[in-house]
Amino acid sequence: MREDARDAALRVDEQRLWQRHAEMAKIGAIPGNGVNRAALSKEDIVARKLLLSWAAKRNFTIGVDAIGNLFIRRAGTDADAAPIMTGSHMDTQPRGGRFDGIYGVLAGFEALEAMDEAGIKTRRPIEVVAWTNEEGGRFAPCTMGSMVFTGARPLADVLDVTDNEGVILKDALAQTLAATPEAKQREFKSPAAGYIEVHIEQGPLLENAQKTIGVVTGIQGLRWFNIEVSGKTDHAGTTPLALRKDAVRDSIAIINALTELTHDPADVTRFTVGRMLVTPNSPNSVASHVLFSVDIRHPDPQTIAKLGAAVEPLARKAAKFCEVKVTPTLHDDPCVFNADVAGEIETATRELDLPYMRLSSGASHDANYMSRVCPTAMIFVPCEKGVSHNEAENATPGDLAAGARVLTAALIQLANK
Ligand code: GLV
Ligand code: MN
Ligand code: MN
């Protein structure tokens, strides 16, 4: 590792990084130490402004694209060179924690500050990106910002998505964009020479193995669907079963069929129904309509393809009384990260004397989309008992700083290639 990379890595300020997590955690704070900062909400806007206020104190330039991805750039010596990018997201789950996403943004920003303080120059610019709507908890699907940035789906495809209250994404996006007029407009698909995302592991492997750093080798495959079941509302006390078109009853049958489909004694397959909207949602009315989400994951490309293809026919067969509409909303094949970028991360980890292991990600990340357009890998740090998407999510200041140090060194190495 270059001497200047080590010097900058050691300037990562554990206290400053921790303090910034605490400040961000106040925005959308919920009981139990958690955070509810939905994408494109007023809390998201406050977090964006806070991040940009920190950037304004440095000589960094600020950009934003039409889906609201924010970019903070530290200049390189070669003005024409494509940047090395790093970052993650600032939105959270409705009952999320203080680290999922925001850590990758704050660690990236800490890396830029450490480089400034070490007086480092890099050939390529380095950019921190805060991706819009990684979680998909309010507007489906997840990883929306990176999906649109990389051209995997056009912006027009997602503008009409609505949240549970009927708010249309394009309106929430317009409000969010209007709140940061100082950011320069930037095109989608701007070139990147590499991408590293830092994140808490969101699982127990690092903690159990007593390792500080995870060198992440890839992300498992993921399929999302919306299933809409349409029947007829009726009186709960008077309508005989034979005359009902009960959307809840059929939804339960579909979910049972999918549970059987995804049954896996090895516990590798993941199947979740996490969102359910029932209409009219009244105890004494038969439900006329149910919309629910399906999330299925598996690391093997053939297996996830087979499971994904089985969803619609199985849902149609399981429903006995109602109309069924199945809409795929996300199709992510498993991704394998770039060996050279993972190698730089591993080298930096070793040279900073940190215990590490290689592992694959069970959770999805914007790095999946970035890996399709530039050499990409990820760094994980442990989180307490592997708990995530939960208010109790926790990580130590020392581990967060260690991840930021590895990131700083690896970014400098890549930005000088
Ligand atoms: C991201 O939050 C995911 O669902 O894996
Ligand atoms: Mn995340
Ligand atoms: Mn998440």
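The values are calculated or read from the model by the stated rules, or taken from the named source; none is laboratory data. The shown structure was predicted, so the numbers you read here are calculated from the model rather than taken from an experiment. Cβ atoms come from the backbone with ideal geometry, glycine included; neighbour counts cover every protein chain shown. Surface accessibility is based on the protein's heavy atoms, side chains included, excluding ligands, DNA and RNA. Shrake-Rupley method; radii C 1.70, N 1.55, O 1.52, S 1.80 Å.
Details
- Percentage relative contact order, segment 221-332, counting C-alpha pairs under 8 Å, at least six apart: 47 percent
- Calculated [θ] (222 nm, deg cm²/dmol) that DSSP helices of n ≥ 4 give over the chain, each run adding -39,500 (n - 2.57): -10500 deg cm²/dmol
- Local net charge near THR376, Cβ-Cβ under 11 Å (Lys/Arg +1, Asp/Glu -1): -2
- Debye log10 I(q)/I(0) for segment 221-332, one point scatterer per Cα, at q = 0.13 Å⁻¹: -0.50
- Accessible area per residue for segment 221-332 is 53 Å², calculated with a 1.4 Å probe on protein heavy atoms, without ligands, DNA or RNA.
- Full-stretch length increase - HIS331, LEU159 - with 0.36 nm per residue and alpha-carbon distance subtracted: 60.1 nm
- Degrees between helix 102-118 axis and first principal axis of the chain (Cα, 0 to 90, nearest 10): 10 degrees
- Heavy-atom accessible surface of segment 221-332: percent carbon and sulfur, 1.4 Å: 57 percent
- VAL387, VAL148, reordered so the largest accessible area comes first (probe 1.4 Å): VAL387, VAL148
- Tail fraction, Cα-Cα pairs, segment 99-228, threshold 22 Å, whole percent: 52 percent
- Residue of ASP250, ASP234, ASP333 that the Gaussian network model of the chain assigns the largest fluctuation, springs spanning Cα pairs under 10 Å: ASP234
- Between the C-alpha center of segment 1-80 and that of segment 182-223 there is a gap of 15 Å.
- About the Cα centre, charge dipole magnitude for segment 221-332 (Lys/Arg +1, Asp/Glu -1 at Cβ), debye: 280 debye
- log10 of Debye I(q)/I(0), alpha-carbon scatterers only, for the chain at 0.14 Å⁻¹: -1.23
- Gaussian network model of the chain, Cα within-10 Å springs - most flexible of HIS331, HIS298, HIS263: HIS263
- Neighbours of GLU127, meaning other residues whose beta-carbon lies under 9 angstrom from its beta-carbon, give a summed charge of +2 when Lys and Arg score +1 and Asp and Glu score -1.
- Compared with the dominant Cα axis of the chain, that is its longest principal axis, helix 397-415 is turned about 70°.
- HN-Hα J in Hz across segment 278-295 - Karplus 6.51, -1.76, 1.60, θ = phi - 60°, x for Gly and Pro: 10, 10, x, 6, 9, x, 10, 10, 4, 6, 8, 7, 9, 10, 9, 9, 10, 10
- Neighbourhood net charge (9 Å Cβ-Cβ; Lys/Arg +1, Asp/Glu -1) for GLY96: -2
- Other-chain or far-sequence residues with amide H under 5 Å of GLY87's (modelled H): VAL129, ILE196, VAL198
- The magnitude of the dipole of the chain, with charges of +1 and -1 set on the Cβ of Lys/Arg and Asp/Glu and taken from the Cα centre, is near 580 debye.
- Trypsin sites (Lys or Arg not before Pro) restricted to DSSP loop in segment 298-384 with at most 11 other C-beta within 10 Å: LYS320
- For the pair segment 243-281 / segment 109-179, the C-alpha centres are spaced 31 Å from each other.
- Virtual spin-label span in nm between ASP78 and LYS121, 7 Å along Cα→Cβ: 1.4 nm
- Using bins of 10 Å that start at zero, the share of Cα-Cα pairs per bin across segment 193-272 amounts to 12, 27, 23, 18, 12, 8, 1, in whole %.
- Angle between the chain longest axis and helix 301-318 axis [Cα atoms, degrees, rounded to 10]: 20 degrees
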